[in-house]
Every structure is written in structure tokens, then in C-alpha cells.
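**Q** Quick one: structure below, then a few questions.
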Amino acid sequence: MNYIGSKLSLIPFITTTVENVVGGDLSAYVFCDIFAGTGIVGRSFKTLVNKIISNDIEYYSYVLNKNYIWNHREIERKDEYICKLNNLSPIVDGFIYKNYCLGGNSGRQYFSDYNGMMIDAMRTQIEKWKYIGEIDDNLYYFLLCSLLESADKVANTASVYGAYLKSLKKAAQKPLVVTPANYQLNSNEHEVYNADANELIKLVSGDILYLDPPYNARQYGANYHMLNTIAEYRPFQPKGKTGLREYTRSKYCSRTTVKSKFEQLISDANFRFIFLSYNNEGLMSFNEISDIMKKYGRYDVVNTKYHRFKADKSENRNHKSTSTVEYLHILEKY
């Protein structure tokens, strides 16, 4: 998934740093990823620790992490149900087709007409299977996660869902085929939440807290509204040219509120080790972060340079490479 602030390329840096600070053997530890996003960091630690606590306020993220983190045992017949989804016939009266495809007369083109109709058919069928008790929660989130990621691959956008392209790009012209969102198997139970991080932090505890909050003014609820719409699949009145839904505005995306929310999170955290990923383009300055964290224990910081990719506005989804410094702020809390 093409995701803002993805830490995929930084996983070796993050993992090595955590192991160097905490110790090489993490098997007895509880690891909390409280701004989980696609869950890539939690997934990387899933087989290394005793338990993952994963959270994100966006519902699509909750769905992804219910599959990738919460699911940990083999699900019987999951490939059979993937085949059933791919053999469905498109439907013409679904919410995605009517509101986000040109054929639905909305004027929007997030998906081709065929793919929009298939998303509706698949999403409706998954919910029907769940309602009649044919599938359990494990299979439900596996199928829904698989649909979300597969639909994202054929979305007619430059990068995120803040806008759609005027003409269908090549990837969006391909027919939607759901591929399995396979997850790691292990014997440990894990927890996944869909909550405000500053509220959840008062209710959970553990050993390692990893923080990857939004670092600029871009709201995830707006940039990924289509994924929330597919994941929730509840009718609403789309607003404006881009068909936005109501969404939660994170206070971490505002310069006036981010520092107070961050310090409150650190203050309330019942974890010994806290690691914060934040780059040199964030709303909080390096000194603001270090000054806050130093109040609560022994502080250190490491950094690495990496290339991230910014999608331009062309219909070809070209990318420009930008060098960025990623800081991993470290706090051993007293």
C-alpha cells in the first residue's frame, strides 16, 4: 500500500535500535504500536515479542491490523473464500459505484466502473457471510483486509485519496482481483484497538512503546477516506468534488496542539522504553521533542538518512526522491 510516512524502508534501523537499547531477546516483552497505520512496525516485531498492542484511530487501519497483528493462527478455507470473492458478478447499485465511479453519475472516478461494481459486490458479500455466521471474525478481517489492499492497487489516484485522476491510469484499468493478505503465524495472543491514542494510553501498559504520530498537517482521515468508506461500508452523503466523508481531525496535525498532546501522551505512558519516530520536516522541532522527553527519564536519540518518495500530480504517478533525516528519539522512563 502506498502510505504516507511508511516505515517499511526503516524497519532494519528501528529493529536494530530497539534491540540495542532494550536487549537482543525481546521474547518476554509487550510492544505497543499506538499509531499503527498499516501496522508494518508491529508486524516486524510480532514474532520477536510476547504480545503486540496495536492501535490506530482510522478504521481502515484497524481492519489491516486485525488481520496482520490479531490473526496469528491458520484460518481454514481462507483461500476458498478468496476464490469465491473473485468469482462474484459485479453489481450496479452499490455505494462505491454510485458515488465514486463515472458510471454512477457522481462525476468522480476513483475506480473504473467495473472495479467499483466489484468492490461493492465483494464488500456486500463479506458482510453477508459475517451476518449469517458463515465466517468468524478471523476470516472476516482477513477477507476485508485483502479487499482493501487489492482495491488500493487499482485506485485511480496519484498517491493518496485526496483527489482522483481525470483519466484512468494503466493500473486502474486492470480488473480487480483480490489477493490474500497473508499474515505471520505464531502462538501468542495480540490486541488491536481503534481508539484515540491519548485515551488508550491510560488503559494499556507494557515494556516498549513505539510512537509514529502524524508529523505534518496532512490528515489521514482525509487522505485515506476511500479506505474508510470501503472498510465501514455504511451509507452517508459524500461531500464536495472529492466525495469526502466526516473524519476525525488529529491534534497531532496542528502546530498549536501537537506539543501539548505529545507531552500528555508521554506523561501518561506506563511503559519503560519509549521510541518516537519523527523526521526533520515535522511540526515539532528536534529541541521541542528532546526537551519534553528529558523531563520523564533518560533520553537519547539516533538518526538515519533515507530517501522517501513524493508522488507528483501527473496521471502517470511519477515519483520524486527526497532525502530526509529520520530521528528515533529514545526515552527510558523513570
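The values are calculated or read from the model by the stated rules, or taken from the named source; none is laboratory data. All values reported here derive from a predicted model rather than from experimental measurement. Cβ sites come from the backbone with ideal geometry, for glycine too, and all protein chains shown count toward neighbours.
**Q** Could you run through the stretch 54-73 and say how many residues are farther than 20 Å from Gly5 by Cα and either free of Cβ contacts under 8 Å to residues at least 12 places away in the same chain or in contact with a strand residue (DSSP E or B) (Cβ under 6 Å, 6 or more places away or on another chain) (or both)?
**A** The total comes to 2.
**Q** Anything in the stretch 51-65 that is of a type in the set (D, E, K, R) and either within 11 Å of the chain's Cα centre (by Cα) or part of a loop (DSSP other than H, G, I, E, B) (or both)? List them, or say none.
**A** Asp56, Glu58
**Q** Which residues, taken from the stretch 59-107, are surrounded by fewer than 21 Cβ atoms within 10 Å (Cβ to Cβ) and among the basic types (Lys, Arg)?
**A** Matches in the stretch 59-107: Arg73, Arg77, Lys78, Lys84, Lys98.
**Q** Another question, if that's okay. Being small (Gly, Ala, Ser) and assigned to a helix (DSSP H, G or I) is the filter here; which residues of the stretch 228-259 pass it? Even if it seems obvious, please write down each step before you answer.
**A** Going through the stretch 228-259, the residues small (Gly, Ala, Ser) turn out to be 231, 240, 243, 250, 254.
Hit for the stretch 228-259 is Ala231, nothing else.
**Q** I'd like the full set of residues that are out of contact with any helix residue (DSSP H, G or I) (no Cβ under 6 Å at 6 or more places or on another chain) and either hydroxyl-bearing (Ser, Thr, Tyr) or free of Cβ contacts under 8 Å to residues at least 60 places away in the same chain (or both), limited to the stretch 113-127.
**A** Hits for the stretch 113-127 are Tyr114, Met118, Ala121, Thr124, Gln125.
**Q** So is Asp212 touching a residue at least 40 places away in the same chain (Cβ under 8 Å) and crowded, with 19+ Cβ neighbours inside 10 Å or not?
**A** Considered against the rule, which asks whether it is touching a residue at least 40 places away in the same chain (Cβ under 8 Å) and crowded, with 19+ Cβ neighbours inside 10 Å, Asp212 comes out as yes.
**Q** Does Ala171 fit the bill of being touching a helix residue (DSSP H, G or I) at 6+ places or on another chain (Cβ under 8 Å), closer than 28 Å to Arg73 by Cα and in a helix (DSSP H, G or I)?
**A** Spelling it out, it is not the case that Ala171 is touching a helix residue (DSSP H, G or I) at 6+ places or on another chain (Cβ under 8 Å), closer than 28 Å to Arg73 by Cα and in a helix (DSSP H, G or I).
**Q** Against the definition (assigned to a loop (DSSP other than H, G, I, E, B) and under 19 Å from the mean Cα position of the chain (by Cα)), how does Asn182 come out, yes or no?
**A** Yes: the conditions hold for Asn182.
**Q** Another question about this same structure. Return the residue satisfying two criteria in turn: it lies in the stretch 24-50 and is hydrophobic (A, V, I, L, M, F, W, C) and assigned to a loop (DSSP other than H, G, I, E, B), and of such residues it is farthest from Phe13 (Cα to Cα). Spell out how you get there, then give the answer.
**A** First pass over the stretch 24-50, keeping only residues hydrophobic (A, V, I, L, M, F, W, C): 26, 28, 30-32, 34-36, 40-41, 45, 48-49.
Retained after the next criterion (residues that are assigned to a loop (DSSP other than H, G, I, E, B)): 26, 28, 34-36, 48-49.
Working: Leu26: 16, Ala28: 21, Ile34: 19, Phe35: 18, Ala36: 17, Leu48: 15, Val49: 17 Å.
For the stretch 24-50, the residue satisfying everything is Ala28.
**Q** Could you count how many residues in the stretch 74-128 are over 16 Å from Tyr233 (Cα atoms) and aliphatic (A, V, I, L, M)?
**A** Here the count works out to 5.
**Q** With respect to the numbered conditions (1) buried (at least 19 other Cβ atoms within 10 Å of the Cβ); (2) under 23 Å from the mean Cα position of the chain (by Cα); (3) not in a helix (DSSP H, G or I), which one is the sole condition not fulfilled by Gly162?
**A** (1) is the only condition that Gly162 fails.
**Q** Out of Phe95, Phe31, which single residue is within 30 Å of Val301 (Cβ to Cβ) and among the hydrophobic types (A, V, I, L, M, F, W, C)?
**A** Checking each option against the conditions leaves just Phe31.
**Q** On the given criteria, is Ser150 among the small types (Gly, Ala, Ser), surrounded by fewer than 24 Cβ atoms within 10 Å (Cβ to Cβ), modelled with pLDDT of 95 or more and within 12 Å of Leu227 (Cα to Cα)?
**A** yes
**Q** In this structure, is Tyr224 surrounded by 21 or more Cβ atoms within 10 Å (Cβ to Cβ), within 20 Å of the chain's Cα centre (by Cα), farther than 30 Å from Asp120 by Cβ and among the aromatic types (Phe, Trp, Tyr)?
**A** Details: surrounded by 21 or more Cβ atoms within 10 Å (Cβ to Cβ): yes; within 20 Å of the chain's Cα centre (by Cα): yes; farther than 30 Å from Asp120 by Cβ: no; among the aromatic types (Phe, Trp, Tyr): yes.
In short, no.
**Q** Which of the residues that make up the stretch 256-283 are surrounded by 21 or more Cβ atoms within 10 Å (Cβ to Cβ) and under 18 Å from Thr324 (Cα atoms)?
**A** Passing the criteria: Leu276, Ser277, Tyr278.
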